[in-house]
Amino acid sequence: MGSSYQKMFNLATVETVSGVVESVGKITPTKGMYSGIHLVLKTDKETIAVHLGPEWYIERQDVKLEKGDKIEVKGSRITFDGKPAIIAAECKKGGSVLILRDSAGVPAWAGWRR
């Protein structure tokens, strides 16, 4: 968990939200990082950005998240670029679960070879 972006994941701010995916896109959180996949989730209370993980990792997973999907996201609530966001640890869609981080917040792709 080297970069300052990765250190933003905080176990003390982990929560679970559910809603409908409004959009899925790419984001480069900080200069020099790989582009990542993020989505915009509309919940009962808010519309919030959810950061999933590096594009190369997300695209290799069996669980595909698309606009209109009803999902549940467990992750750390952060402030990113002055706005609330969630760094996802897992996303549930139907009976499938996309695991992104372990219980300590370590990314599932840490140590992965592309």
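Are any residues in segment 71-85 over 15 Å from residue 29 (Cα atoms) and either over 15 Å from the mean Cα position of the chain (by Cα) or surrounded by 17 or more Cβ atoms within 10 Å (Cβ to Cβ) (or both), and if so, which ones?
71, 73, 74, 75, 76
Out of segment 24-70, which residues are closer than 24 Å to residue 103 by Cα, among the charged types (D, E, K, R) and surrounded by 13 or more Cβ atoms within 10 Å (Cβ to Cβ)?
55
Just need a number here: residues in segment 96-109 that are at pLDDT 95 or above and either small (Gly, Ala, Ser) or under 22 Å from residue 46 (Cα atoms) (or both).
Residues flagged as at pLDDT 95 or above and either small (Gly, Ala, Ser) or under 22 Å from residue 46 (Cα atoms) (or both) within segment 96-109 amount to 1.
Pull up segment 91-108, narrow it to residues that are without any contact (Cβ under 8 Å) to a residue 60 or more places away in the chain and under 15 Å from residue 38 (Cβ atoms), then point me to the one that is surrounded by the fewest Cβ atoms within 10 Å (Cβ to Cβ).
Of everything passing the filter in segment 91-108, 98 is surrounded by the fewest Cβ atoms within 10 Å (Cβ to Cβ).
Quick one: count up the residues across segment 46-70 that are part of a strand (DSSP E or B) and of a type in the set (Ser, Thr, Tyr).
1
Name the one entry in 7, 26 that is over 13 Å from residue 88 (Cβ atoms), modelled with pLDDT under 95 and in a helix (DSSP H, G or I).
Going through 7, 26 in turn, just one is over 13 Å from residue 88 (Cβ atoms), modelled with pLDDT under 95 and in a helix (DSSP H, G or I): 7.
Take segment 71-98 and flag every residue that is farther than 14 Å from residue 50 by Cα and in a strand (DSSP E or B).
Within segment 71-98, 93, 96, 97 meet the criteria.
The values are calculated or read from the model by the stated rules, or taken from the named source; none is laboratory data. As the structure is a prediction and not an experimental result, all values here were calculated from the model. In this analysis, Cβ positions are derived from the backbone assuming ideal geometry, glycine residues included, and neighbour counts consider all displayed protein chains.
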